[in-house]
Amino acid sequence: MTTISFLVPIVLLATQLMNFWLKHKYNISEEGQPFNHKQKIVNRVYILLFVIVIILLFLYSSMQVAFLAAAGIATLYAGYEALFEYKHAQEERQYIFHFVRMVGYAMIFFGILYITQSITPIEEIVQDEGQFDAGKIEHLKIENSTWNGKRENERMITIEDPQLINRLINTLFKLEVRERLEWKENLDENYTLHTPSQPIYYFDISDKWIEVDFTTYEIVGENRIYEILEDMDVDWENAANH
């Protein structure tokens with residue numbers, strides 16, 4: 001589960017609860033229809049622009065950019081609505097609702113921006129889930145597969161050499177990553193390291209991406225663990241038959 005998937009619903013729920021509390025605390029009436037024809041046109045243009053931009057970004061860009069655009073547009077629109085209602089109906093105080101929403105959308109925008117741009121070592125992510133001890137891994141199962149819309153040509157090997165296991169885990173922990181909402185592209189080939197006796201059960205590694213217990217990260221810089229796995233001199237075919 002990604003950090004963003006927690007952030008968005010929590011902030012939206014907090015925004016709704018805050019507006020509900022303000023409504024009853026200060027006896028502010030429900031928001032009504034647009035004040036004039038200009039506001040009605042702006043509302044329609046905003047909705048149309050919002051839908052077009054988000055659809056295009058989902059189709060031709062990434063979920064990160066789409067979420068950022070959605071939060072950014074929503075922040076600007078809520079700010080416009082708050083300013084408009086403050087100028088034209090200040091005594092009704094309905095602008096407060098839009099101001100709270102603007103703050104909430106802005107928190108989502110900057111939260112997503114911070115999360116997706118922050119570079120974190122894999123070791124820090126792993127140790128946040130519990131104490132990971134490579135010394136307790138007696139058997140490291142590694143699965144190798146190609147990707148063509150689905151996993152194909154799966155091969156498997158079990159590593160029992162403690163030195164090789166430690167080398168792989170230590171190299172893995174040196175990776176630096178950024179959190180992402182989805183796989184950016186189909187994988188040509190990937191390796192899955194199964195570690196069921198540890199707080200993290202598996203690591204799914206490709207050239208540019210790594211998945212750690214259902215959360216996807218983009219690898220920043222050199223991917224030494226992938227290079228080691230590619231160059232390992234093991235008999236995959238024979239191992240898969242045991």
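The values are calculated or read from the model by the stated rules, or taken from the named source; none is laboratory data. Computed from a predicted model, the values in this text were never measured in an experiment. Note that we place each Cβ from the backbone using ideal geometry, even for glycine, and neighbour counts take in every protein chain shown. Quick note on the areas: whole protein, heavy atoms, side chains included, nothing else; ligands and nucleic acids left out. Shrake-Rupley method; radii C 1.70, N 1.55, O 1.52, S 1.80 Å.
Here are the numbers for the structure shown:
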| quantity | calculated |
| --- | --- |
| Odd one out for Leu56, checked against (1) open to solvent by less than 30 Å² (accessible area, probe 1.4 Å); (2) free of Cβ contacts under 8 Å to residues at least 40 places away in the same chain | (1) |
| Filtered residue count, the range 204-233, keeping only those that are closer than 16 Å to Lys174 by Cα and either free of Cβ contacts under 8 Å to residues at least 40 places away in the same chain or outside any strand (DSSP E or B) (or both) | 16 |
| Residues located in the range 38-52, provided they are touching a helix residue (DSSP H, G or I) at 6+ places or on another chain (Cβ under 8 Å) and open to solvent by less than 40 Å² (accessible area, probe 1.4 Å) | Gln39 |
| Single condition Val177 does not satisfy, out of (1) more than 22 Å from Ser197 (Cα to Cα); (2) of a type in the set (A, V, I, L, M); (3) modelled with pLDDT under 90 | (3) |
| Every residue from the range 73-99 that is part of a helix (DSSP H, G or I), in contact (Cβ under 8 Å) with a residue 24 or more places away in the chain and surrounded by fewer than 18 Cβ atoms within 10 Å (Cβ to Cβ) | Ile73, Tyr80, His88, Glu92 |
| Every pair of residues 6+ apart whose Cβ atoms lie under 6 Å, when the first sits in the range 134-148 and is within 14 Å of Pro162 (Cα to Cα) while the second is open to solvent by 60 Å² or more (accessible area, probe 1.4 Å) and assigned to a strand (DSSP E or B) | His139/Thr158; Lys141/Thr158 |
| Residue ID - surrounded by the fewest Cβ atoms within 10 Å (Cβ to Cβ), chosen from residues in the range 100-130 that are within 28 Å of Ser62 (Cα to Cα) and among the small types (Gly, Ala, Ser) | Ser118 |
